[in-house]
Amino acid sequence: MLKIGGTRQMIAAVGALAMLVWGAGAAGYLSASPRAAQENATISNGAVSIKVDPTSRTFAVSSPDGREVFRAGSSVDLEGGHVDIQNYTSVTTERSSFTDDLGGGEQLVTKFTGLAGKPDLERVLRVYRDSPFGSVTLRIANSTSSNVVVHSLRPINVSSAQSTAGAKPTATRPQIDLGGPEPRERVLEDSFSEDRPTERIYDLGKAPDYKSFDDVSDKLSGMHMGVGSQLIFNRYSGRDLFMGGLTSHRWLTVFHLATTTSPSGATVTSLTVDSTGTKEPEQHEALSRSKPADQMEASVTVKPGESLESEPLLFATGSDYHAHLEAYGAAIAKVNHPRAVGRAPSGWWSWTSYYAGVTDGLVRTNAQWLAENLKTYGYNYVLVDEGYQYARGEYVSTDAMHFPEGMVGVGRFVTKQGINFGVWTAPFEVSLRSWVYEHHKDWLVHNAAGDPIRILQPEIEELYALDPTNPGAQDYLRETYRTLTHDWNVRYIKLDFMDDTAIEGVHYATNVTAIEAQRIGLKVIREAVGEDVQLDKDGSAMLAPVGLVDEGRISTDTGHSFEPSKTAASGIAERYYMNRNFFVADPDAFTLTDQKGEGDAPGTTVSEAEVSIVLAAIAGAMFEVGDDLPMLGSEPERAPYARNADLLAMYKCGHAATPVDLMSYDDADEQPSVFVLHEGSCQTMLAVFNWTDQPRSHRLAAAQLGLAPAGKYAAIDALHAASASGDAPAPESGLAFDSLAALAKLQNQPPHSVRLIKIIDVGVAPAPPAFDLSVLSSAEAGKPVKVTVTSNDAANPAIDFAWDFGDGTTETGHAVYGVGDAATHTYTHAGTFTVTVTVTGVDGQSSKKSAMITIPSNTSPDFHFDQNRRAPKP
C-alpha cells in the first residue's frame, strides 16, 4: 500500500470490508434495526456527519470539525416532468442500524409520500463504522396505479435554495464550504471514458464550456461535468470533498458543478449528481452531429408496486484526498469483484508501430525479434491492432491486402515463438461494409421510428451500434470471439469504442439502459472466450465493465512525440487508484525510437523517449512497447531502456505510483509532475517530470515523499547511472540529501524530461521476501497438481519465482504483492519429489522453500470405457 505524507488507516479499514449489493427495486441492505423517528436526526462515523432536516427536506454533510460542507435536496426526472422532494406533503425519517457488504453503521431513511399521481420517494443516507464514507441512494416506489417512466434520479441537488434551508442565510456562505477561498479550488472529475473527453484537472471555473441539455439554448460557463466521480480540493485549506458512484450496473453517475466568475474569482453556484443514462455525454461525443431523433434518453418503466433506485453514491470530506481516492478504489474492488489477478501483460503493440499499415509480414518479424531479444525480460505478448480486419464489426474476415492468408497462420507463428497472441476489436461497432449491416440491420440499436442510430466516426466510415441484447447479435458475438480464441489461438483481446456505442435507444430487450445492454454484451463475450483469455477495456465507461474485463485503458493514446505523453499523463495520474481496484491499468504503449508517428508526428528526443517509458512504468500495470522493433534494435542509445531493471521492477511490482502533487501541483508545472512508488521498506522510486518548455526546479520534503526525515538514504539515477560494464551505479549528482535527509532538490531540470531516482534507505538491511508455499502431500500421476506461493511481505515484496518440481522440470513465474502465484505440474510416474521455489524480491534478494510431494503409483495403461466422458464442445 502506498503512503505519501500521512497515514492510510482509512484505507486499511476499507480493505477489510466486503461487497455491497444493490439491485433495482431491492432495499439495498441486508439487515436493519429501526428506532423511533428523529427530528433533525444526525448520524456520524467520526469522518463524516449527516444531518437530516425533515422540515426543509434537505440533508447536510459536515466534516469532522463540524463544518457544514454542503446541504442538498433530491429529485427525479420522470416522463412528464421533474419531481422534487419539496412537492411531497408527508415526510418521515427513521434512524436505524444496518449491515451490508461494506460493513455496518447507522442510516437515516426518509420517505416522501402524499403527492397525487406521483410515485413515493425514499432517500437512504448511511455512514459506515469502519470507513471514511457516507452514502446516499434515492429510490422510487411506484404506489400509483399506472406505469412510471424514469429518466434519471438525482440524490444530490446543491443550490442556493438548499444551502440556506435549515441554516442562517449569509451573503458569503458558499455552496461547497471547504474552509478556504473558492478561487483556490481545483476539480478532478472522471470522464465518460478514458478519453471522452481528455482527462484534466481544472481550476474552479476554468473547465471547458458544456451545454446544459435541460435547456439546449443555455450554455453554462465554467461547468465542471464529470462521470463516475468528482474531487474538489481547496489549496488554501487543504480540505477536499470527494464523491463517487459505487456501481454502474444500470446508470451512469453524472456530476454537474456549475460556477460563476466575478472579479474576485470563481464561486460554485450549484452541484447536482444524477443516476442517469448516456444521452448527455454522447451528445458531446458519438451523437454530437446526430439528428434529434437519435439522441434518446434512458427510459426505465416502473410498474405499479415495483421500485427502482439510483446507483449508490459515496462521499467523504477531510484533509487527505489521496486517502479518499484510494479508499474509494478499495470500495469499488470490494463491491464489483475486479478480475485483477496476476501480473499485467507485457509485450509489443502494432498500432503506434504501423497504425493501419500493419501486415502479416510485419507482425511475424516483430514477433520473432521480440522472442529473440525481449522475451527473457518478460515481454510475452504480440497484439495486432486495427488494420487486420475487413471491416469494423466483422473481425473474423481479414483484409486480404494486408493479411492474404488470414490470421490462423499468424497466430500459430506467434505462439511457436513462445509468445501470446492478441488482437484488437470494437465489439459493438458495425460499419456500413460489414456483414451485419448488410444482412441484419435488425440487430442494431434503433430510434423510436425504427431507424438504426448512426454514430459519429465520419473520418473512418459510417458506423452503427450493435444491440447486445438481440439473440441474433449475441450468437454473432459468440461465433466471432470463439473463432478468435479457438481458431486463431488469441489469448488477449482489446475491446475498443464501447464508449461510442453506449447509446440509448430501442433495444431488443425492453426496459434496459445503454449501460445495461453493454454489460449484457460483455457477459456474452466473457462466456465465449472463457476465464483464461485476457479482455482489455479500451474505449468505454470506466466503472461499468469492472468485474467483466481484466485490463482497462486509463488515458489517451500515446504516440511518437512528446505531446501524446504529456496528454496521457493527466489520466494516468488522476486514475492511479483504479489500478487493480477497477482492473489492471492499461496506460497505452511506450515508444522509444525516433520514428515518425501518426500524421507525421515529429518523433522524440532521447529525453522524451525516457518520459514515455517512465510514464508507463509509474502506472504499475501493462508494459507494452509500441515501436518498430528491428528499428529499436538499431538504436543502441534507446533500446536498453526496454531492458532497464528498475523500470521492469516497477512494472513487476504491480502497483501504481502515487502522484504526490495531484491536486497541489505548481501552476508553472501545468499538471501533476511528482510520483512516488514505495517498493518496500528500503527502496523507493521517485519520478519527477518536466512537462513544460522551460527548465523547472523542485524542492521536495522527505515527509512529502513518505520518507522519514531522520533516515539515511542513498540516491541513484535509475536511467543513467549503471554503466555498460555492469558496475554498481554511482550516486545521482542532481539529488542531494542533507544529513537529516530532510530535503531533496532537483534543480534546473530540462524541458520535456524525467528524472527517475531510486532512493535506498541505507539504515534498513536488504532482506529476501517472506512467503508461504502450499503443496499437496500426494497426487496422482498423469493428473495436474497445483503448487501455490503467497507473499504478503510489504517490506520486501516478491517479484519473481523460479520453480523446480524435482523431476527434472523447471518453470519461472511472477508475483504481485498480496496476490501470489501458482504453477501447475503433472508428474509422469511414481515417486517422492522435492518441490523447490526460489522467490526474488525487488532489491534482488532471494529465498527458497521446499516441500515434498508423493506420487504413489504410475498411470494406468488400460482402457476404462466406463469412465469415458464427452468433453463439451468449444
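The values are calculated or read from the model by the stated rules, or taken from the named source; none is laboratory data. Computed from a predicted model, the values in this text were never measured in an experiment. With ideal geometry, Cβ positions are generated from the backbone for all residues, glycine too; neighbour counts draw on all protein chains shown.
Scan region 830-854 residue by residue and report those that are in a loop (DSSP other than H, G, I, E, B), touching a strand residue (DSSP E or B) at 6+ places or on another chain (Cβ under 7 Å) and either at pLDDT 95 or above or not charged (D, E, K, R) (or both). Full working, then the answer.
Quick first cut of region 830-854, residues in a loop (DSSP other than H, G, I, E, B) only: 830, 842-845.
Cutting the leftovers down to touching a strand residue (DSSP E or B) at 6+ places or on another chain (Cβ under 7 Å) gives us 830, 842-843.
Answer for region 830-854, where residues must be in a loop (DSSP other than H, G, I, E, B), touching a strand residue (DSSP E or B) at 6+ places or on another chain (Cβ under 7 Å) and either at pLDDT 95 or above or not charged (D, E, K, R) (or both): Ala830, Val842.
Return only the number of the condition from (1) within 28 Å of Glu282 (Cβ to Cβ); (2) touching a residue at least 60 places away in the same chain (Cβ under 8 Å) that Leu615 does not satisfy.
(1)
Looking for whichever is out of contact with any Gly (no Cβ under 6 Å at 6 or more places or on another chain) and either closer than 19 Å to Gly387 by Cβ or crowded, with 24+ Cβ neighbours inside 10 Å (or both) here; the options are Ile503, Ile520. Which one fits?
Numbers: Ile520 fails: either closer than 19 Å to Gly387 by Cβ or crowded, with 24+ Cβ neighbours inside 10 Å (or both).
The match here is Ile503.
Take Asp807 and decide whether it is touching a residue at least 40 places away in the same chain (Cβ under 8 Å), in a loop (DSSP other than H, G, I, E, B) and of a type in the set (D, E, K, R).
Numbers: touching a residue at least 40 places away in the same chain (Cβ under 8 Å): no; in a loop (DSSP other than H, G, I, E, B): yes; of a type in the set (D, E, K, R): yes.
Against the criterion (touching a residue at least 40 places away in the same chain (Cβ under 8 Å), in a loop (DSSP other than H, G, I, E, B) and of a type in the set (D, E, K, R)), Asp807 does not qualify.
Which residues, counting only those in region 119-139, are among the charged types (D, E, K, R) and either buried (at least 24 other Cβ atoms within 10 Å of the Cβ) or more than 17 Å from Gly318 (Cβ to Cβ) (or both)? Steps first, answer last, please.
Here is the first cut: in region 119-139, the ones among the charged types (D, E, K, R) are 120, 122-123, 126, 129-130, 139.
Asp120, Glu122, Arg123, Arg126, Arg139 - these are the residues of region 119-139 that are among the charged types (D, E, K, R) and either buried (at least 24 other Cβ atoms within 10 Å of the Cβ) or more than 17 Å from Gly318 (Cβ to Cβ) (or both).
From the set of residues in region 468-491 that are hydroxyl-bearing (Ser, Thr, Tyr) and surrounded by fewer than 24 Cβ atoms within 10 Å (Cβ to Cβ), which is nearest to Ile520 (Cα to Cα)?
Taking region 468-491 as the starting set, the residues that turn out to be hydroxyl-bearing (Ser, Thr, Tyr) are 469, 476, 480-481, 483, 485.
Those still in the list that are surrounded by fewer than 24 Cβ atoms within 10 Å (Cβ to Cβ) too: 469, 476, 480, 483, 485.
On the way: Thr469: 7, Tyr476: 14, Thr480: 16, Thr483: 20, Thr485: 20 Å.
Going through the qualifying residues, I end up with Thr469.
Please list, ordered by first then second residue, the pairs with beta carbon atoms under 6 Å, 6 or more apart or interchain, first in region 586-612 and free of Cβ contacts under 8 Å to residues at least 40 places away in the same chain and in the same structural domain as Pro564 (by TED's automatic domain parsing), second of a type outside the set (Val, Ile, Thr) and surrounded by 24 or more Cβ atoms within 10 Å (Cβ to Cβ).
Pro587/Ala616; Pro587/Ala619; Phe590/Ser612; Phe590/Ala616; Gln595/His560; Ala609/Leu592
Confirm whether Val254 is closer than 23 Å to Gly329 by Cβ and of a type in the set (Val, Ile, Thr). It would help to see each step written out before you state the result.
Working: closer than 23 Å to Gly329 by Cβ: yes; of a type in the set (Val, Ile, Thr): yes.
Yes, satisfied.
Tell me yes or no: at least one residue of region 783-800 is at pLDDT 90 or above, of a type outside the set (Phe, Trp, Tyr), over 29 Å from Asp717 (Cα atoms) and not in a strand (DSSP E or B).
The answer is yes, given that some residue of region 783-800 is at pLDDT 90 or above, of a type outside the set (Phe, Trp, Tyr), over 29 Å from Asp717 (Cα atoms) and not in a strand (DSSP E or B).
Which one is farthest from Val512 (Cα to Cα) among residues in region 432-473 that are part of a loop (DSSP other than H, G, I, E, B) and of a type in the set (D, E, K, R)? Show your work before the answer.
First, the residues of region 432-473 that are part of a loop (DSSP other than H, G, I, E, B): 432-434, 440, 445, 447-451, 453, 456-462, 467-470.
Imposing the further condition that a residue be of a type in the set (D, E, K, R) reduces the set to 433, 451, 459, 461-462, 467.
On the way: Arg433: 28, Asp451: 18, Glu459: 31, Glu461: 28, Glu462: 25, Asp467: 11 Å.
So, considering only residues that are part of a loop (DSSP other than H, G, I, E, B) and of a type in the set (D, E, K, R), the one farthest from Val512 (Cα to Cα) is Glu459.
Kindly evaluate Gly305 against the criterion of being part of a loop (DSSP other than H, G, I, E, B) and not hydroxyl-bearing (Ser, Thr, Tyr).
Spelling it out, Gly305 is indeed part of a loop (DSSP other than H, G, I, E, B) and not hydroxyl-bearing (Ser, Thr, Tyr).
With the checklist (1) touching a strand residue (DSSP E or B) at 6+ places or on another chain (Cβ under 9 Å); (2) buried (at least 24 other Cβ atoms within 10 Å of the Cβ); (3) farther than 18 Å from Pro345 by Cα; (4) of a type outside the set (S, T, N, Q) in hand, flag the one item His560 doesn't pass.
(1)
Any idea how many residues of region 147-191 are surrounded by fewer than 18 Cβ atoms within 10 Å (Cβ to Cβ) and at pLDDT below 80?
Counting residues in region 147-191 that are surrounded by fewer than 18 Cβ atoms within 10 Å (Cβ to Cβ) and at pLDDT below 80 gives 9.
Does Gln283 satisfy the criteria of being within 26 Å of the chain's Cα centre (by Cα), modelled with pLDDT under 95 and of a type in the set (S, T, N, Q)? Steps first, answer last, please.
Values: within 26 Å of the chain's Cα centre (by Cα): yes; modelled with pLDDT under 95: yes; of a type in the set (S, T, N, Q): yes.
So Gln283 passes the test.
In region 767-785, what residues are of a type outside the set (Val, Ile, Thr) and farther than 27 Å from Asp862 by Cβ? So that I can check it myself, show each step before the final result.
Initial filter on region 767-785 (of a type outside the set (Val, Ile, Thr)): 767-774, 776-784.
Hits for region 767-785 are Ala767, Pro768, Pro769, Ala770, Phe771, Asp772, Leu773, Ser774.
Is it true that Tyr508 is more than 28 Å from Lys596 (Cα to Cα), hydroxyl-bearing (Ser, Thr, Tyr) and surrounded by 24 or more Cβ atoms within 10 Å (Cβ to Cβ)?
Here the answer is no, as Tyr508 does not meet what is asked.
Take Tyr476 and tell me if it is part of a helix (DSSP H, G or I), among the aromatic types (Phe, Trp, Tyr), within 25 Å of the chain's Cα centre (by Cα) and more than 24 Å from Arg575 (Cβ to Cβ). Explain how you work it out, then say what you get.
On the way: part of a helix (DSSP H, G or I): yes; among the aromatic types (Phe, Trp, Tyr): yes; within 25 Å of the chain's Cα centre (by Cα): no; more than 24 Å from Arg575 (Cβ to Cβ): yes.
In short, no.
Of the residues Leu325, Leu314, which is buried (at least 18 other Cβ atoms within 10 Å of the Cβ), assigned by TED's automatic domain parsing to the domain that holds Gly238, under 23 Å from Arg553 (Cα atoms) and out of contact with any His (no Cβ under 6 Å at 6 or more places or on another chain)?
Numbers: Leu314 fails: under 23 Å from Arg553 (Cα atoms).
The unique qualifying residue is Leu325.
With (1) within 30 Å of Thr425 (Cα to Cα); (2) surrounded by fewer than 18 Cβ atoms within 10 Å (Cβ to Cβ); (3) out of contact with any Phe, Trp or Tyr (no Cβ under 7 Å at 6 or more places or on another chain) as the list, and Gly305 as the residue in question, which single condition is left unmet?
Evaluating Gly305 over (1) within 30 Å of Thr425 (Cα to Cα); (2) surrounded by fewer than 18 Cβ atoms within 10 Å (Cβ to Cβ); (3) out of contact with any Phe, Trp or Tyr (no Cβ under 7 Å at 6 or more places or on another chain) leaves (1) as the failure.
Among the residues of region 603-615, is any over 19 Å from the mean Cα position of the chain (by Cα) and at positive phi?
There is at least one residue in region 603-615 that is over 19 Å from the mean Cα position of the chain (by Cα) and at positive phi.
Output the qualifying pairs, or none if there are none: Cβ atoms under 6 angstrom, residues six or more apart or on different chains, first residue in region 636-648 and assigned by TED's automatic domain parsing to the domain that holds Ser607, second residue polar (S, T, N, Q) and at pLDDT below 95.
Listed by first residue and then by second, the contacts come to nothing, as the list is empty.
Of all strands (runs of 3 or more DSSP E) completely enclosed by region 39-105, which ones contain at least 3 residues that are in contact with a Pro (Cβ under 6 Å, 6 or more places away or on another chain), on the phi < 0 side of the Ramachandran plot and in contact (Cβ under 8 Å) with a residue 24 or more places away in the chain?
Working: elements: 42-44, 49-53, 58-62, 68-78, 81-84, 90-100.
Fully inside region 39-105 and qualifying: 90-100.
Mind counting the residues in region 665-697 that are under 30 Å from Ala765 (Cβ atoms) and without any contact (Cβ under 8 Å) to a residue 60 or more places away in the chain? Working first, answer last.
Kept after step one, since they are under 30 Å from Ala765 (Cβ atoms), are these residues of region 665-697: 674-688.
Next, from what is left, pick out any that are without any contact (Cβ under 8 Å) to a residue 60 or more places away in the chain: 674.
Looking only at that region, the number is 1.
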